[in-house]
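J.: Quick one: this structure, given as structure tokens, is what I'll be asking you about.
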Amino acid sequence: MALLSKKDANLILDPLADNNPITIQVLGICSALAITAELKASVVMALSVIFVLGVGNVVISLIRNIIPSKIRIIVQLIVVATLVIVVDQVLKAFAYELSKTLAVFVGLIITNCIIMGRFEAFALGNGPWKSFLDGIGNALGYGVILIIVGFFRELLGSGTLFGIKVLGDPIAKTGVYAFGYENNGFMIIPPAALIVVGIIIWVQRSRNRALIEEN
Amino acid sequence: MLEHIELFFKSIFIDNMVFAVFLGMCSYLAVSKKVATAVGLGAAVIFVLAVTVPLNWLLDQYLLQEGALSWLGPEYADYNLSFLSFILFIATIATMVQLVEIVVERFSPALYNSLGIFLPLIAVNCAILGGSLFMQAREIPSLGLAFNYGVSSGIGWFLAILAIAAIREKIRYSNVPAPLRGLGITFIITGLMGIGFQSFGGMLTGGDDSAAPVEETTVELKIKEEKKEEKEEIDEQSVTYNEVNLVQE
């Protein structure tokens with residue numbers, strides 16, 4: 001972190017924990033949860049958001065003084081949409097199978113509230129370098145949650161990580177399956193993602209009591 | 001007629017925007033503290049979906065799809081502009097939201113007062129863009145069905161936010177563990193409701209074995225790998241989101 005002053009470092013580190021976009025700011029849940037049944041999809045989604053938010057924040061910050069404030073939402077949407085098209089085309093070209101898994105959820109990065117939220121709250125009022133750090137930090141905070149959820153859902157639901165059978169073979173009954181362990185099919189269905197995030201919030205807020213909400 | 005009814009119930013219950021694909025979660029969580037505001041936002045979502053989905057269907061059909069430009073002349077028949085769909089869809093939505101806001105303000109001030117603050121919010125609600133993208137992905141065949149899809153998925157979203165708002169009003173008087181208060185318990189309740197909604201999966205296909213034999217086999221294969229016991233409970237209706245979630249070759 002020698003490269004960054006303490007203030008700049010905080011821009012990246014804050015959103016990772018105490019100001020996490022998903023668990024604290026409640027942004028960007030929409031496109032996040034549906035694709036976390038597999039770790040691989042979660043990682044790709046996290047990388048895509050890091051790219052879009054990092055670059056988008058810089059672009060918005062560069063043109064912040066010439067956007068008329070009345071049409072800024074549309075300008076922001078166009079910038080995001082363009083970046084997302086780039087991501088989508090790259091995925092289709094180099095990881096076709098994965099782009100099928102992610103399906104419409106790549107497109108939904110456009111309406112990911114984290115992105116619009118950071119544009120509005122940060123990039124419109126700060127310089128490009130700071131905006132870049134803020135974008136990367138928030139996208140990382142988002143990615144961390146995504147990867148944690150993806151890790152547990154894939155491990156407990158299918159007994160695999162990145163598609164590799166880490167717990168042994170459920171059909172041939174090797175590894176832990178030899179002792180009668182069964183995959184928890186519940187983790188694969190979509191609602192399980194919500195419950196896992198709920199538990200993450202629970203753990204985080206028990207560790208840091210300052211974050212607890214009034215009812 | 002039958003396909004209209006089927007799509008209607010399917011979009012409300014089985015492919016519910018919130019419980020099956022998590023669309024519009026941000027506003028769902030943020031605006032569900034009171035029933036009254038939840039109703040306002042829900043109504044606005046139905047309204048905007050009903051307008052934008054058919055509109056984007058027309059765009060998709062006559063501008064974006066592969067070969068969609070052939071009405072301009074045979075030399076345009078090879079064009080495939082579908083990579084532009086994100087930017088066009090979101091532009092349509094943002095414009096329509098603005099237009100709707102202006103029109104409603106002019107002709108129905110009462111409605112404007114109840115929807116007013118929510119309309120601009122809606123431009124960036126994932127449920128709206130999601131509606132259009134799913135419409136495109138599922139290749140909905142006609143304009144009437146697209147309108148139906150827009151309205152019914154809006155109603156599904158409306159039901160979801162109404163239900164969670166009512167539950168949250170009640171839960172205020174319960175003794176929830178402190179770290180779970182607010183956001184955490186809302187997530188977990190939504191998860192439980194989602195599990196409840198999964199049981200609607202059997203609704204449309206009860207006894208209809210010939211409905212989708214091809215889809216059935218692919219699902220069976222996937223399910224076999226992942227949850228052997230629950231195989232029987234899952235039918236091809238779950239395909240739509242299972243494909244998104246658990247494709248694991």
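J.: Pairs A:K6/A:K40; A:K40/A:K100; A:K6/A:K130; A:K100/A:K165; A:K40/A:K165: which are spaced more than 24 Å apart, C-alpha to C-alpha?
T.: Beyond 24 Å between Cα atoms: A:K6/A:K40.
J.: Another one. Output the residues of region A:57-79 meeting this criterion: accessible area (heavy atoms, 1.4 Å probe) in the chain alone minus accessible area with all protein chains in place is 10 Å² or greater.
T.: A:I73, A:I74, A:L77, A:I78
J.: Specify the inter-centroid distance of region A:147-177 and region B:23-87, based on alpha-carbon positions, in whole Å.
T.: 37
J.: Roughly how many Å² is the accessible area per residue of chain A, as a whole number, for a 1.4 Å probe?
T.: 43
J.: Same structure again: How much of the accessible area of chain A, in percent, comes from carbon and sulfur atoms when a 1.4 Å probe is used?
T.: Its accessible area is 68 percent carbon and sulfur atoms.
J.: A further question on this structure: Roughly speaking, what is the stretch gain from A:F162 to A:N19, that is 0.36 nm per residue apart minus the C-alpha to C-alpha distance, in nm to one decimal?
T.: Computed gain between A:F162 and A:N19 is 48.6 nm.
J.: Moving on. To the nearest hundred square angstrom, how large is the accessible surface buried between B and A, total for both chains, probe 1.4 angstrom?
T.: 4900
J.: Beta carbons within 10 angstrom, averaged per residue: use that to sort the peptides A:173-185, B:41-53, A:83-95, highest first.
T.: The peptides rank, most packed first, as B:41-53, A:83-95, A:173-185.
J.: Could you calculate the contour length gain from A:N208 to A:I66, that is, 0.36 nm times the residue separation minus the distance between their Cα atoms, to one decimal place in nm?
T.: Numbers: separation 142, 0.36 × 142 = 51.12 nm, distance 4.13 nm.
Answer, rounded to one decimal: 47.0 nm.
J.: Using only the alpha-carbon atoms of region B:1-142, report the extent along each of the three principal axes, biggest first, to the nearest angstrom.
T.: Between the extreme Cα coordinates on each principal axis of region B:1-142 lie 55, 35, 29 Å.
J.: In peptide A:6-13, what is the residue-averaged number of other protein chain Cβ atoms found within 10 Å of each Cβ?
T.: Neighbouring Cβ atoms belonging to other protein chains average 0 per residue here.
J.: Next question, about the same structure. If DNA, RNA and ligands are ignored and the probe is 1.4 Å, what is the ranking of B:S70, B:S199, B:S152 by accessible area, most exposed first? Write out the running numbers ahead of the final one.
T.: Working: B:S70 60, B:S199 90, B:S152 0 Å².
If we order B:S70, B:S199, B:S152 from most to least accessible, we get B:S199, B:S70, B:S152.
J.: Okay, next question. Determine the shielding of peptide A:94-104 by partner chains: average, over its residues, the number of Cβ atoms on other chains within 10 angstrom of each Cβ.
T.: Across A:94-104, the average partner-chain Cβ count within 10 Å equals 3.
J.: Any chance you could tell me what percent of the C-alpha pair distances in chain A go past 25 Å?
T.: For chain A, the fraction of Cα-Cα distances above 25 Å is 45 percent.
J.: Region A:86-107 to region A:4-25: how many Å between their Cα centroids?
T.: 29
The values are calculated or read from the model by the stated rules, or taken from the named source; none is laboratory data. Source: prediction; values computed, not measured. Cβ atoms come from the backbone with ideal geometry, glycine included; neighbour counts cover every protein chain shown. The accessibility values were calculated without ligands, DNA or RNA, using every heavy atom of the protein model including side chains. Shrake-Rupley method; radii C 1.70, N 1.55, O 1.52, S 1.80 Å.
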